[in-house]
Each structure stands twice: as structure tokens, then as C-alpha cells.
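The values are calculated or read from the model by the stated rules, or taken from the named source; none is laboratory data. This is a predicted model, so every value here is computed, not measured. Cβ: placed from backbone, ideal geometry, glycine included. Neighbour counts: every protein chain shown.
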There are 2 protein chains.
Amino acid sequence: MPTTEKIDLQAYTLEVAERAKRASRAMASLPGSVKAAWLRRAAEALRSSKGALDEANAADIAAAPDFGLTDAQIDRLRLTPDRIEGIATGLENVAALPDPIGSLIGSTMRPNGLRIDKVRCPLGVVFFIYESRPNVTADAAAICAKAGNAVILRGGKEAQHSSRTIVDILARAAKETGVPENAVQLVTTTDREAVGHFLRMNDLIDVAIPRGGEGLIRRVAAEATMPVIKHFDGNCHVYVDADADLAMAEAIVVNSKCQRMGVCNAAESLLVHANVAEKFVPRIGAALAAEGVELRGCPKTCQWLPNAVSATDADYAAEFLGPVISVRIVSSVDEAIDHINQYGSGHTDAIVTGSLAVARQFSDQVDSAAVMINASTRFNDGAEFGLGAEIGISTDKFHARGPCGIEELTCYKYVVQGEGQIRS
Amino acid sequence: MPTTEKIDLQAYTLEVAERAKRASRAMASLPGSVKAAWLRRAAEALRSSKGALDEANAADIAAAPDFGLTDAQIDRLRLTPDRIEGIATGLENVAALPDPIGSLIGSTMRPNGLRIDKVRCPLGVVFFIYESRPNVTADAAAICAKAGNAVILRGGKEAQHSSRTIVDILARAAKETGVPENAVQLVTTTDREAVGHFLRMNDLIDVAIPRGGEGLIRRVAAEATMPVIKHFDGNCHVYVDADADLAMAEAIVVNSKCQRMGVCNAAESLLVHANVAEKFVPRIGAALAAEGVELRGCPKTCQWLPNAVSATDADYAAEFLGPVISVRIVSSVDEAIDHINQYGSGHTDAIVTGSLAVARQFSDQVDSAAVMINASTRFNDGAEFGLGAEIGISTDKFHARGPCGIEELTCYKYVVQGEGQIRS
């Protein structure tokens, strides 16, 4: 009876969201010391629950072939002792971060004696949708809760047993330390329609955060009735200016492209100023070829690099996530900026230059979450930025842009203190 | 041929949005002095354009009865010499505010020598949809542009001639002072479908801001594919605590309810602690009755106020925007907080109390944009908060909450400065 099932799914998701909403009220004024004690207790409990974690993880690994997972995907699923220790340490690191809630963002004393305080407070309820990797379950729970939110976790079915065990450990530690048990809830159904139900509940859920493939993120962005923190892709550029130190440029391009190719802050496109192209293009061509990277170039690039393939417009727009890079010679920094603003994802774009004026123009006018001056694109990352913990990277401009840490999971309220003031 | 017309509407709106996007690129790095000079020039031009403004306004006033406008609405449409001076002064006030763009929000020096700057920058393109009142045209244009954005204005058809003239004056002043002409564009078609076209363009428009009736705002929120800054309604509360100074409480309740009844930060509901109800309810009942306010109360309220009507659940949820208030006796601050979080709009809620602990609990746990301690709800306003200018009030928690000034029309980017750093 599919109709009955649908109604149950709706009732179930509503119940989860309402529990989260109630928990979020209590979380909002929970002392920082309680949240920290909980995360430290959970870390200990994880370390001493090796047996339960191994058993749950073995069930996931056994089921993995049925889900059509590749060997690499199965490996990412595996909870080795090192990984369990990593998860526990991650919880302790989040516990040690300063509590953001209740801190004063700003304060104004008005002529009539009213004091207007802008105070940091939680967003409320976070709906986090992610694919496999059991460690993400603990990371996301910790960072959302540290920011005073309740979180609904919707993990991939591939890691369901491992995630269930981790959330159970978190819930037990919550109970022991006085944290609302429903601060962290794992969605127990793997029915994809459950996600749709949650995405319609903008009265109960304050933000949706999808992490995974572009298909998942596009689905969430299209269906969500609440704000979404997301990035679709990362078509990141390195622009080598006329005033660049070419040895530095080579190191930055190779690092941006090759240090890890499958990630969103890896470079996908190289722009070279015409004045240095004759010197630089053959040099970088050789360096990238040595790393096994295929070059797709503009006509001028292909002149200097007989091995380069002719680039299409689609190549300039592509996020290759692999050993391919597009290359274009530009006649000015303006042309480089226009190219980046047209083809880029607003994620991470770098310039290599010795010119202060050109660096300033580039950082002012490139409309991206992060602009790197004489540094690799690979540094756009919460840990590298010193945020302590990260829930994702945003290429949107509203609320959160770039790496999203704990602060990006908070908002503010105004608290106005008077002594009986009325408005005349 | 309706089909052709539809295609034209789509082409027209796309053209407007693309022009805005191009203008936003130039606006992003326009010096603050240029924006200020433009707004001052436009203020002068408004003052010396009385003839053109009178003529345009007369055309709107003449057409008003055809649109079924009430006398009060027609009055709001009228551009008197005082109002023209008010608009001009408003532009000069915005010109005088500090330029937010390019300022450093924060900066971190990383161990590897990277300097991570968080820099304030514009959102990009703002789509502003509003009803009548020609002064809003100038106010909105000024505040959006001061924040470095391009703005698409979609005003009500009732004020179309007046708005057109104001935008022409702004555009002429822009040309004379070196501001991109398309920084401010007025949508020239009054076809309501144009709004739908714009709301689908999340690749060109960064935020939509509707201002007007709840119907307009709900339509924009439902159709928009980009973020929206909005509030649907303002069901604002005053809670009179057991520890309240009752004279202060009376003044604050009367002011919150009666100082201006038709606005979103007026009080719609009164909560009274049981310990002071016997003393306070008859007193406030008389004071409100003297102002012509109808009271709809809980059973206990009705005991003390024979003239009070019995309140329904719908009354507790209602934004009356007129001479009605709901009243409920509560047995604790917790009950007051629960009532507000259940029935309120998250807009503005006040407490009157002498207790520091109760004030703190209330401000921590009431989940609203503004919490007033011993002050009227009517103070939740950009000018009263000292923001300089305001584009609206948000009851959302994402990005902007409470009165939205110039800063809420900006975002940030990370600018990372290195000397050749690569990631290992």
C-alpha cells in the first residue's frame, strides 16, 4: 500500500523535524562548557567502542558491493583504528574551539539611552545531507551543535550502520552530559523521498547543507524552500601576470593543478599574459606534461605547445577534476578578470604578479569567494584559513561565502536594553 | 499575438538583468567619493526639477482613481515640496554615510605566512519590488548603490510617472559624475509577469527584496530562485513580568500598541505574569480602552475585564495592524517565551522586568530578530538603531535579521596574500 507508506514518511519526517526544533530551543542557551563536555565524552566513548564500530562498519562493507561501490569508495567507507582516532580527535578539537554563542558582534549606544546589542545566536535547525564517509557524521554533528544548532543528518545508505553507531554514541554522551538528546538525529529511512519532505519544511528547518556530487547539490538547491549553503563546482583559475616571477608562477600552477586533482579548489584553467606567454607557456607546458596533465589551449597556446589540444568554450567552463587544464593567453589583466567572471564558478582564483596595482585590481574585481595573490588555489579551505572546523565551501554570496566554519552556522539577534523608553 | 509578447517580455527582462550585472561589475570597485558625489548631485537635481516632478506626479494622481486607490493611498502618492525636500535630504544622508566596500571585516596571519583578509564587497545585483510611494524609489536606489550594487527597481504602476522622473534624474546625475548609468534601472513594463521572469534569473540577480503587502511578499518568496530579504508579518508581543514596574509597563504597552497601529513593529499581543495580573490587567485595560483598543483575552483576563472579548487561537496568531490586542495571563517567563515562540513572527518582542535573570532568559530564548528589554517594540527600526538608512526588516535568520541597512546589502570575499606559498 504505497499511499499509506507515503503518509508514514511524511509523519516520520515531520516528527524528526519537530523534535529537532524543540531541541534547538534548548541548545540555543546551553552553556559552552556543556557542549564541550559532551563532545569530549563522545570522543572517549568512540575510542572505547571499537567493537561496536567494527561490527557496524563490517555490515556496511559487506553491503557495499550491492550498492555498486568501487574499491576506492569502499576504502573511504572503512573505519580503521586510525580513522576512529581521527574522528575522536576531531570532536575534541571542536570542543576546544571558543563558543560563538552569546558573543557581542557589535553594540551602539543611542542618544535616547537605548543600548542596541548585536548578539551572535544559533541558526536553529540544520538539515545536513551527505554521501558515505562515516567520519562526516561526527564532524557535521559536532560543528552544528557547537554553533548551538540542532542537526538532522541524512547520510548515504552506504554508511548507514556505521553512522547509526556513531550517532548512538553521540546521543548516549549527550544524555550523560545534559545535552538534549535530539540535538543530533540521524534519519533512519533511506527512502530518497524523505529528503524532499524535509526540504519543504521551512518553518522547522533553517538551513539545508548538501555535501556530495553535483547532482545531489542541484537537487537540494532546486527543491529546498529554506536557504542552502552549497557550491556546485569549482572551476578555479590561475592568472600569470606580465609582472609575475615565473618560477613562482610555475610552482603555484603545478601545485594548484596537481597537488590533489579531484577537489573543488584545484585549478582547472590557466591564463597567461601575452607579454610572458612565449617564455612561460613552453615552461609550464613541460612541467604539467611531466605530471601527466593534458593541456587544452587557445590558438596562441597551441602555437607554442604542439602537444596541446585546441580548447573549446566548454573546456573553459569545465571543472575537469582530473589531469586536464585549459590554457588561454590574454592581453591584459582586464581580459583575465573578464574571462574568470564569465567562465569561473566564483570559487577560488589566483593571480601571480609582482605588481601591487594589478594585484589590487584583480582582488577587487574578480567576483569569487577567495582570491589568492601569489599563493596556490589549494589554500581555500577551512583548516588552511584557521577556521578550526569546516562544514563546506560556499560559492553563494548570501550569508556565507568561502569556507564555512562554526560562525557561518550562526546568525544574530538584536537585544535592546532600555529603562522604559517609548517612541515619540 | 500573446506568444510574441511573452517572448518580448522575456527578452526585455533578460536585457535589463544583463545590463544590471555589467553595471554591478563596475560598481564593485567604484570609489566611495564617486558614489557620494553622484547622490549629492542627484539631490540637487531633484530640488531643481520641481516642474518635471510635479507634472509626472500629477499624471499619477490623475490615474489613481482608475487603479481603485483610496484617498489615503492617493495622499501617500503625492509629491509635495516637503516630500521632495525629504527625498533630496535622504540622498544626501546616504551620501554622507561611510562607504562599506573594501573595508576589512577580519584578518588572520597564518603560520605559513599567508595573510587571510575577509573584505567587505557588494552582493551584486538587487531586484527591489515595491508598492506605490515614489520616495521609496530614490531611497532604495541610494542604499543599494551605496553598498556597491546595481539595482533593478520594480515599483507599483500607481507611481510609475513619478518614479520614472526620479530615476531619470538619478541616471543623469550618474552620467555627470562617472557612475555606470545602469546602476539604477526602473522596469518600464507594468506587466506582473515581468516579476516572474526576474525571479527566475538567479545567475544574474543576487537578492530579491519585496516591500509591500503580505500577498506580494509571499508571491516573491514562493517564486524567487535567489535569496529574498523579507518579513511576512509582525505579530509582536509585550510581556509584563512579575518584577515589572507597572507604570513603565503601562507606558511601554500603550506606546507599542498605539503610537502607530498599522506598522509591523506595533504590538499585537500582551502577556502578563499571573502575580501582577490582578493589579495590571484592569489598569492596562482602561488605558488601552481610552485609546479605542479592543481587548481579546484569555478566560482569566476576561474575569478582570468584563468588556474584553474571549480570545481564540487565531487572535493570538493575528497581526491586527489596528485597534485590537490579544491578552493572555501566563504563570511564568517560560510560558511567555513558549507563547511568543509559538505564535510570534520572530519580529520584535519586548519584556518589562526589573529582574536581570529574567531579562537574560527572555533575550536568550525568545527567537526573534529584536528583543526589547524595558523599551517599546516600536524602536525596531533602522533609523532608531542608528543604521543611517534601511531597505526593510527581515525576520529570516540567514544573512540579514532585523533592520537591513547598507551592510546587509553587502557580502564578503577572502583575499589571501602570499609570497609564492604552495600546499604540501
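Select, from B:325, B:337, the only residue that is in contact with a strand residue (DSSP E or B) (Cβ under 9 Å, 6 or more places away or on another chain) and part of a helix (DSSP H, G or I).
Within the list B:325, B:337, the selection yields B:337.
For the stretch B:368-390, which positions are within 7 Å of another protein chain (Cβ to nearest Cβ) and surrounded by 24 or more Cβ atoms within 10 Å (Cβ to Cβ)?
If the condition is that a residue be within 7 Å of another protein chain (Cβ to nearest Cβ) and surrounded by 24 or more Cβ atoms within 10 Å (Cβ to Cβ), then B:368, B:369, B:370, B:371, B:372, B:375, B:376, B:378, B:379 are the ones that fit.
Out of A:219, A:283, A:211, A:260, I need the residue that is within 12 Å of chain B (Cβ to nearest Cβ) and charged (D, E, K, R). Which one? Before the answer, list the steps.
Values: A:219 fails: within 12 Å of chain B (Cβ to nearest Cβ); A:283 fails: within 12 Å of chain B (Cβ to nearest Cβ); A:211 fails: within 12 Å of chain B (Cβ to nearest Cβ).
Residue meeting the stated conditions: A:260.
Does at least one position in the stretch B:350-359 carry a residue that is buried (at least 23 other Cβ atoms within 10 Å of the Cβ), at negative phi, facing chain A (nearest Cβ under 9 Å) and in a loop (DSSP other than H, G, I, E, B)?
No, there is no match, as no residue in the stretch B:350-359 is buried (at least 23 other Cβ atoms within 10 Å of the Cβ), at negative phi, facing chain A (nearest Cβ under 9 Å) and in a loop (DSSP other than H, G, I, E, B).
Could you tell me which of the residues B:289, B:244, B:314 is over 19 Å from the mean Cα position of the chain (by Cα), part of a loop (DSSP other than H, G, I, E, B) and not charged (D, E, K, R)?
After applying the criteria, what remains is B:244.
For residues that are touching a Lys or Arg at 6+ places or on another chain (Cβ under 7 Å) and more than 30 Å from residue A:258 (Cα to Cα), scanning just the stretch B:403-424, find the one that is farthest from the other protein chains (Cβ to nearest Cβ).
Per the stated criteria, the residue is B:406.
For a quick check of your reading: which strands (runs of 3 or more DSSP E) sit entirely within the stretch A:85-198 and have at least 3 residues that are touching a strand residue (DSSP E or B) at 6+ places or on another chain (Cβ under 8 Å), free of Cβ contacts under 8 Å to residues at least 60 places away in the same chain and within 14 Å of chain B (Cβ to nearest Cβ)?
Once the strands (runs of 3 or more DSSP E) in the stretch A:85-198 are filtered for at least 3 residues that are touching a strand residue (DSSP E or B) at 6+ places or on another chain (Cβ under 8 Å), free of Cβ contacts under 8 Å to residues at least 60 places away in the same chain and within 14 Å of chain B (Cβ to nearest Cβ), what remains is A:104-109.
Of all residues in the stretch B:223-241, which are part of a loop (DSSP other than H, G, I, E, B) and charged (D, E, K, R)? If you could, list the steps in order and put the result at the bottom.
The initial filter retains those residues of the stretch B:223-241 that are part of a loop (DSSP other than H, G, I, E, B), namely B:224-227, B:229-235, B:241.
If the condition is that a residue be part of a loop (DSSP other than H, G, I, E, B) and charged (D, E, K, R), then B:230, B:233, B:241 are the ones that fit.
Given the structure, is residue A:365 surrounded by fewer than 22 Cβ atoms within 10 Å (Cβ to Cβ), over 30 Å from residue A:104 (Cβ atoms) and within 7 Å of chain B (Cβ to nearest Cβ)? Please lay out each step first, then the result.
Values: surrounded by fewer than 22 Cβ atoms within 10 Å (Cβ to Cβ): yes; over 30 Å from residue A:104 (Cβ atoms): yes; within 7 Å of chain B (Cβ to nearest Cβ): yes.
Judged against the criteria, residue A:365 is a match.
State which residue pairs qualify: first residue part of a strand (DSSP E or B) and inside the stretch B:402-417, second residue buried (at least 24 other Cβ atoms within 10 Å of the Cβ) and polar (S, T, N, Q) in any location, beta carbons under 6 Å apart, and separation of 6 or more residues or different chains.
Going by the 6 Å Cβ cut-off, the qualifying pairs are B:415/A:363.
If the requirement is being modelled with pLDDT under 95, of a type outside the set (Gly, Ala, Ser) and closer than 22 Å to residue B:29 by Cα, which of these qualifies: B:131, B:181, B:193, B:92?
B:181
All but one of (1) within 7 Å of chain A (Cβ to nearest Cβ); (2) outside any loop (DSSP other than H, G, I, E, B); (3) out of contact with any helix residue (DSSP H, G or I) (no Cβ under 8 Å at 6 or more places or on another chain); (4) under 28 Å from residue B:146 (Cβ atoms) hold for residue B:393; which doesn't?
Looking at each condition in turn, residue B:393 falls short on (1).
Restricting attention to the stretch B:33-57, which residues are under 12 Å from residue B:95 (Cα atoms), surrounded by fewer than 17 Cβ atoms within 10 Å (Cβ to Cβ) and not aliphatic (A, V, I, L, M)?
Within the stretch B:33-57, B:33 is the sole residue that qualifies.
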